[in-house]
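Report on one structure; see the data block that follows.
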Amino acid sequence: MSSTIVVVGGGISGMTVAVEAAEAGHDVILLEREAYLGGRVVRMNQYFPKLCPPTCGLEINLKRIKGNSRIKVFTLAEVTRVEGEPGAFAVTATLHPRRVNASCTACDRCVAACPVERPDGFNYGMGTTKAIYLPHSMAHPLRYVIDPEVCLGESCAKCVAYCDYDAIELREEPRSLTLEASAVVVATGWKPYDAARLETLGFGRYPDVVTNTMMERLAAKNGPTAGKLTRRSDGGPLRRVAFVQCAGSRDENHLAYCSAVCCTASFKQASYVRAQYPDAEIHIFYIDIRTMGTLEDFYEKVVKEDPKILLHKGKVAKIYREPGQEGLTVVAEEILSGERHEVAVDLVVLATGMQPEGPVGPGVRYDEHGFVVPPAPGEGGVWGVGCARRPAEVASSVRDATAGALRSIIPTSSHAAHPPTPPSTHLAHPPTPPSTLVRR
């Protein structure tokens, strides 16, 4: 029986499982499909409710990963199969070639030499990179990667000529990896719902209709506009902005469920607009406002105390632009008054729902929406954490991942087969839980 824990997914949840399990004394293999760790969180501008950048939390976790010899990280690793049972799992993955080895110093000379451009996936297609690129400034590993779909290969090889460190291997091929594990935790995260499927809302037709994930990158200092929010069509200022809630969520034709965090995320993004445009008018179209628990305080602070943030209870029917019109028109029916409402705006932000990332292959159970189903009570199996299990915000995902780390180490513990004798009732000070599993 292996004592190794395999974590599938290197976003904030997967990183949390890895560091907590490793610091409790277990070997961990972290498999990430992208070329870097951090998932969706590293693409955010700010967390709510404190509105601090995600770089601080990620930096701490990356430091813990780099300093722990029990954690082995594979990026560009696509899991294709999970087989077995608790204590004896077999995980199969394909390691896609990075084509840049560990000799890379991130000097950037190869980028200057590369003649081919590609859409910048990190910025959701807003802008371009070269075929050889560094995903982002905090990328781990801090190493360039080559996009095989656009690279001209050995017929070009200009990057090879410019590299002084023999770091580029254009002939590198995919490899297969099979791992034995005592436990498997799925932390594959989420992806935004495809806004192009919302035909009446104008995404893809009008550049001034963006998604909430795109809005995070537009507001970020390391984003495509260096954090400056403007009309994407012509760079003009934002005098009126519309946020369209439940764009594809709570809709039997798209996502039937609520994504839980979209309302609060839009309120956060309204604060981005307000910080740059103190006099801008902000319109939020919603079905229901849902800010769970203490996030209600964030709603009160950002929205209710701002007279220029206007709430419209009603679903948006259409977004259009008249010929010669500078901005866009948002059409919705106000449920409370029953009146048809039209608002002219400069930018529309669609709060698209959270979908789980695709399945990792046979051996993992999913519900009808694609979220990981936990094992039945009393049974072992593969656990899902964070947004692989259900839509959640960052803090909830971290707590859930810490619990997932505990679940993963229990089967590997020697105490699992031989439970310790309960402490005497006469003990004045019961044992303290391991500090490594307490959220810092």
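The values are calculated or read from the model by the stated rules, or taken from the named source; none is laboratory data. Predicted model, so just to flag it, every value in this text is computed and none were measured. Positions of Cβ are generated from backbone atoms using ideal geometry, with glycine treated the same way; all protein chains shown enter the neighbour counts.
Observations on the structure shown:
- Residue in the range 311-327 that is more than 19 Å from Val210 (Cα to Cα), surrounded by 13 or more Cβ atoms within 10 Å (Cβ to Cβ) and small (Gly, Ala, Ser) present: yes
- Out of Ala219, Ala247, sole residue that is surrounded by fewer than 23 Cβ atoms within 10 Å (Cβ to Cβ), outside the structural domain of Arg43 (by TED's automatic domain parsing) and small (Gly, Ala, Ser): Ala219
- Only a single item in (1) outside the structural domain of Pro278 (by TED's automatic domain parsing); (2) touching a residue at least 12 places away in the same chain (Cβ under 8 Å); (3) crowded, with 17+ Cβ neighbours inside 10 Å; (4) among the small types (Gly, Ala, Ser) is not met by Ser396, and it is number (2).
- Near pairs, Cβ below 9 angstrom, 6+ apart or cross-chain, from the range 353-365 (on the phi > 0 side of the Ramachandran plot) to any residue that is part of a loop (DSSP other than H, G, I, E, B) and not charged (D, E, K, R): Gly363/Val382
For (1) assigned by TED's automatic domain parsing to the domain that holds Gly381; (2) surrounded by 17 or more Cβ atoms within 10 Å (Cβ to Cβ), each residue gets a yes or a no:
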residue	(1), (2)
Val82	yes, yes
Pro119	no, no
Phe122	no, yes
Gly125	no, no
Thr128	no, no
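- Those residues of the range 60-90 which are charged (D, E, K, R) and free of Cβ contacts under 8 Å to residues at least 12 places away in the same chain, in sequence order: Lys63
- Residue check for Asn222: assigned to a loop (DSSP other than H, G, I, E, B), closer than 25 Å to Thr129 by Cα and not aromatic (Phe, Trp, Tyr): yes
- Pairs where the first residue, in the range 9-36, is in contact (Cβ under 8 Å) with a residue 24 or more places away in the chain and the second is part of a loop (DSSP other than H, G, I, E, B) and among the basic types (Lys, Arg), C-beta under 8 Å, 6+ apart: Gly9/Arg33; Gly11/Arg40; Ala22/Arg70; Gly25/Arg70; His26/Arg70; Asp27/Arg70; Val28/Arg70; Ala35/Arg98
- Residue count, the range 286-336 (criterion: of a type in the set (A, V, I, L, M, F, W, C), more than 29 Å from Leu51 (Cα to Cα) and without any contact (Cβ under 8 Å) to a residue 40 or more places away in the chain): 3
- So Thr211, is it in contact with a Leu (Cβ under 9 Å, 6 or more places away or on another chain), free of Cβ contacts under 8 Å to residues at least 12 places away in the same chain and not assigned by TED's automatic domain parsing to the domain that holds Gly361: no
- Each residue in the range 159-214 was checked for being closer than 24 Å to Gly9 by Cβ and not polar (S, T, N, Q), and 20 pass.
- Of the strands (runs of 3 or more DSSP E) contained entirely in the range 335-440, those carrying at least 1 residues that are modelled with pLDDT of 95 or more and either over 29 Å from Ile284 (Cα atoms) or more than 18 Å from the chain's Cα centre (by Cα) (or both) fall at 340-345, 347-352.
- Screening the candidates Asp288, Asp279, Asp306, Asp367 for the property of being loosely packed, with under 15 Cβ neighbours inside 10 Å and in the same structural domain as Arg33 (by TED's automatic domain parsing) yields one hit, Asp367.
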